[in-house]
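This report concerns only the one structure given below.
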Amino acid sequence: MENKAFFIMLAVMAVTTYLVRAIPFTLFRRKIKNKRVKIFFDYIPYSVLSAMTFPAILYSTSSMLSAAAGALTALVLAYKGKNLLVVALATCTAAFLVSLLEMYLHF
Amino acid sequence: MTFRHGVTSGLAIGLGYLSVSFSFGIMAVNSGLTWWQAVLISITNVTSAGQVAGVGIMAAGGGLIEMAVTQLVINLRYSLMAISLSQKTDSSMTVPARLVDSYIITDEIFGLASTQEKVGFKYMTGLGVLPVAGWTLGTLLGAVLGNVLPPAVTSCLAIGIYGMFVAIVLPVCRKSKTISIVCIIAVLLAVVFRYVPFLNAHVSSGFAIIICAVVSALIGVLITPESELKEEVQDGE
């Protein structure tokens with residue numbers, strides 16, 4: 001990506017992200033009254049993360065098998081309520097071990 | 001609550017960010033960005049999901065409107081956190097102070113700050129120091145070491161950020177049936193956008209995420225039972 005195009009994209013990205021935080025933090029000081037509007041916002045982070053993670057996670061390593069091993073590990077540990085750091089590291093480790101196996105067994 | 005107290009409290013988040021942004025650094029370089037571009041993105045945005053989507057858009061040669069709308073939708077949760085945090089701020093949180101601290105409203109910093117009775121400018125600013133340092137340094141290390149470490153290792157580190165996303169979502173799904181349904185719908189829609197050839201060819205990944213997220217959240221609002229509606233509101237207070 002050319003530098004000029006990058007800096008324009010970066011500026012749009014950073015300014016949008018900043019304003020999304022700064023405008024409500026500076027202007028709004030009262031709670032949202034409408035319950036349905038509020039729960040819509042409650043759901044957004046989870047729907048975003050879900051849509052971003054699956055199926056993209058299956059294509060995030062060099063092979064779908066190792067990615068699937070990572071994804072399964074993440075699901076199991078997250079379900080058990082392990083903290084973010086532990087889950088992230090275990091996900092990497094599981095994917096790595098399976099890709100090592102694949103290399104040695106020449107899948 | 002002093003600045004120093006805030007800095008100390010931010011250590012755990014800083015360490016967590018260090019490892020997660022390592023994945024981001026690798027991912028950014030794998031997507032074709034240089035190490036300094038990855039670092040600039042991290043230091044100016046300080047957000048995981050938004051940056052992953054943003055790099056995806058850059059890599060795909062997406063447009064500026066797509067970038068702005070994607071960041072707006074993905075980061076919309078920060079608006080809600082900002083409003084919520086705003087209820088707890090003390091008199092030291094003047095408008096200039098708010099303009100500074102807006103920069104560090106992330107899921108984790110918000111979560112920690114929210115545990116305080118009152119949030120002051122010095123404490124909140126201190127809280128952001130180590131997470132921002134960790135986020136930036138981790139990105140740098142990931143982006144640079146990504147070229148040194150063998151591909152098998154780096155490609156496996158890149159999956160870590162998704163592992164973190166799973167760890168954010170699943171515990172909440174266990175507590176709320178409605179949120180579980182919202183997440184399942186979001187994933188099913190994402191699958192449709194990925195594998196239906198027409199949609200895959202004509203809808204960019206950024207817009208696909210927005211559509212999946214907004215549609216599934218709207219369905220969630222419609223199917224939320226009245227009883228849970230009351231609970232949800234109380235939870236947020």
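Among the listed residues B:L40, B:L33, B:L15, B:L80, which satisfies the condition of being at the interface with chain A (Cβ under 9 Å from one of its Cβ atoms) and outside any helix (DSSP H, G or I)? Criteria check complete, one pass: B:L33.
Checking each residue in the stretch B:179-194 for being of a type in the set (S, T, Y) and either at the interface with another protein chain (Cβ under 8 Å from one of its Cβ atoms) or not in a helix (DSSP H, G or I) (or both) picks out no residue at all.
Scan the stretch B:160-168 and tell me whether some residue there is out of contact with any Pro (no Cβ under 6 Å at 6 or more places or on another chain) and either part of a loop (DSSP other than H, G, I, E, B) or within 23 Å of A:R36 (Cβ to Cβ) (or both). Among the residues of the stretch B:160-168, not one is out of contact with any Pro (no Cβ under 6 Å at 6 or more places or on another chain) and either part of a loop (DSSP other than H, G, I, E, B) or within 23 Å of A:R36 (Cβ to Cβ) (or both), which makes the answer no.
Does B:L99 satisfy the condition of being out of contact with any strand residue (DSSP E or B) (no Cβ under 8 Å at 6 or more places or on another chain), modelled with pLDDT of 95 or more, over 18 Å from A:M13 (Cβ atoms) and not charged (D, E, K, R)?
Details: out of contact with any strand residue (DSSP E or B) (no Cβ under 8 Å at 6 or more places or on another chain): yes; modelled with pLDDT of 95 or more: yes; over 18 Å from A:M13 (Cβ atoms): yes; not charged (D, E, K, R): yes.
When the stated conditions are applied, B:L99 passes them.
Taking the numbered list (1) closer than 20 Å to A:G70 by Cβ; (2) at the interface with chain A (Cβ under 7 Å from one of its Cβ atoms) in turn, B:L145 passes all entries but (2).
Got a sec? Which of A:V20, A:V48, A:V76 is surrounded by 15 or more Cβ atoms within 10 Å (Cβ to Cβ), part of a helix (DSSP H, G or I) and more than 7 Å from every other protein chain (Cβ to nearest Cβ)?
Working: A:V20 fails: more than 7 Å from every other protein chain (Cβ to nearest Cβ); A:V48 fails: more than 7 Å from every other protein chain (Cβ to nearest Cβ).
After ruling out the rest, the residue left standing is A:V76.
Scanning the stretch B:115-131 turns up no residue that is free of Cβ contacts under 8 Å to residues at least 60 places away in the same chain, within 8 Å of chain A (Cβ to nearest Cβ) and in a helix (DSSP H, G or I). Looking only at residues of the stretch B:201-213 that are in a helix (DSSP H, G or I) and touching a Phe, Trp or Tyr at 6+ places or on another chain (Cβ under 7 Å), we find that the one that is nearest to A:K38 (Cα to Cα) is B:C212.
Restricting attention to the stretch A:23-45, the residues that are at the interface with chain B (Cβ under 7 Å from one of its Cβ atoms) and part of a helix (DSSP H, G or I) total 13.
The values are calculated or read from the model by the stated rules, or taken from the named source; none is laboratory data. Remember, predicted model here, so these are calculated numbers, not experimental data. We place every Cβ from the backbone using ideal geometry, glycine too, and count neighbours over all the protein chains shown.
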